[in-house]
1. Restricting attention to segment 25-36, report how many residues are surrounded by 15 or more Cβ atoms within 10 Å (Cβ to Cβ) and under 21 Å from Thr56 (Cβ atoms).
2. Collect the residues in segment 3-12 that are more than 13 Å from Gln49 (Cβ to Cβ) and near the ligand (Cβ under 9 Å from one of its atoms), keeping them in residue-number order.
3. Kindly indicate which of Ala19, Ala5 is surrounded by 13 or more Cβ atoms within 10 Å (Cβ to Cβ), under 9 Å from the mean Cα position of the chain (by Cα) and among the aliphatic types (A, V, I, L, M).
4. Do you know which of the residues in segment 13-57 that are assigned to a loop (DSSP other than H, G, I, E, B) and touching a residue at least 40 places away in the same chain (Cβ under 8 Å) is nearest to the ligand (Cβ to nearest atom)?
5. When you look at Leu39, is it surrounded by fewer than 16 Cβ atoms within 10 Å (Cβ to Cβ), modelled with pLDDT under 95 and over 8 Å from the mean Cα position of the chain (by Cα), yes or no?
6. Out of segment 1-12, which residues are part of a loop (DSSP other than H, G, I, E, B) and among the small types (Gly, Ala, Ser)?
Amino acid sequence: MKQFACGDVVPSCGRTFTAPADDDILTAVAGHAREDHGLAEVPAGLVDQVRAAIRTV
Ligand SMILES: [Zn+2]
């Protein structure tokens, strides 16, 4: 499984995500970013940061 802690990118956020694949994490993070961080779109640079912070668990 893959795991991502939003706090690794947005220090004030305590949300974590677990999914079978990186792309599933990115899909979930995009929804979270839109609903909880007010980002209509996730910028490419942020996607790179998220990918870099995803851990295999
Ligand atoms: Zn967050």
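The values are calculated or read from the model by the stated rules, or taken from the named source; none is laboratory data. All values reported here derive from a predicted model rather than from experimental measurement. Quick reminder, even Gly has a Cβ in these numbers, built from the backbone with ideal geometry, and neighbours come from all protein chains shown.
1. Within segment 25-36, residues that are surrounded by 15 or more Cβ atoms within 10 Å (Cβ to Cβ) and under 21 Å from Thr56 (Cβ atoms) number 6.
2. We begin by selecting, within segment 3-12, every residue more than 13 Å from Gln49 (Cβ to Cβ); these are 3, 12.
Answer for segment 3-12, where residues must be more than 13 Å from Gln49 (Cβ to Cβ) and near the ligand (Cβ under 9 Å from one of its atoms): just Ser12.
3. Numbers: Ala19 fails: under 9 Å from the mean Cα position of the chain (by Cα).
Testing whether each residue is surrounded by 13 or more Cβ atoms within 10 Å (Cβ to Cβ), under 9 Å from the mean Cα position of the chain (by Cα) and among the aliphatic types (A, V, I, L, M) leaves just Ala5.
4. Ile54
5. Judged against the criteria, Leu39 is a match.
6. Ser12
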